[in-house]
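One structure is given below, encoded as structure tokens.
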Amino acid sequence: PRMGAARRVHQGVSLESFLHAGRLWGQYTWEALRAAARVDRPHESRAALEIASRVMRHVDLVSTAGAHAYLHEAQGLANAGDVLQRDLLEALLGGERDSHRARRQARALGVRLYENYVVVLVRHSVADPATVRWVLEAARIHLRPSSGTLLVGARGDEVVALYPVSEAAQLHIVKGEAGSLAGAVGPRGLSVGMSGWQPGFAGIAIA
């Protein structure tokens, strides 16, 4: 769904229309299944319900991954290999108890994940792709972890940086670098926020 969603940006199709088309496909597919399953054949009804659950999962996948890809393309970030894919960023920020999904996505994209992160946010109010790219670059310049790789992505009016740390004692280092970043982006009216220490993948969402 990512490639199709990205193409819709250049075809002048709105995100709302793209998502509406996916929901319609799910609706009509379900209606066709319901019409085909004969009520006097229990095994057909059971099969229809199983297929319907798979259809709904597919609609959810298209809606989620497609929306992320659409916004990524609209922001001009699709060809920026050092920007975290939107769906992986959301998986990391989602606080899922099962971290396997995020890890699988990361492996597929060639992204090496660290065990613990501090979250640094830069809030902007301008949806200009050039501004977003400038903020992404500023984050890379000022946030320089000594171990692990800084993960930087964009969503909505935020640039999100996941700063790898191994222990809570490193928070003062992150705070100093986040302050340096705030000094760089502040003159443009942008604000910076930083989380505390929350170990593990689940801690990213709490942070």
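Taking the accessible area of the chain, probe 1.4 Å, and keeping the other protein chains in place, the carbon and sulfur fraction comes to 54%. The residues of the chain expose on average 56 square angstrom of accessible surface per residue, using a 1.4 Å probe on protein heavy atoms.
Near the amide H of V165, within less than 5 Å, lie the amide hydrogens of N116, Y117, V118, all on another chain or at least 5 residues away, with H placed in the peptide plane.
Just want the answer: with Cβ charges of +1 for Lys and Arg and -1 for Asp and Glu, which residue in I173, A48, L150 is farthest toward the dipole's positive end in the chain? It is A48. Charged side chains reduced to their Cβ positions (Lys and Arg at +1, Asp and Glu at -1) give the stretch 129-188 a dipole of some 120 debye around its Cα centre. Dipole of the chain computed with +1 at Lys/Arg Cβ and -1 at Asp/Glu Cβ about the Cα centre; of P187, L89, V135, farthest Cα towards the positive end is L89. Given +1 at the Cβ of Lys and Arg, -1 at the Cβ of Asp and Glu and no other charges, the dipole of the chain around its Cα centre is 380 debye to the nearest 20.
The values are calculated or read from the model by the stated rules, or taken from the named source; none is laboratory data. If you're wondering where the values come from, they're calculated on a predicted model, not measured in any experiment. Note that each Cβ is placed from the backbone with ideal geometry, even for glycine, and that neighbours are counted across all protein chains shown. The accessibility values were calculated without ligands, DNA or RNA, using every heavy atom of the protein model including side chains. Shrake-Rupley method; radii C 1.70, N 1.55, O 1.52, S 1.80 Å.
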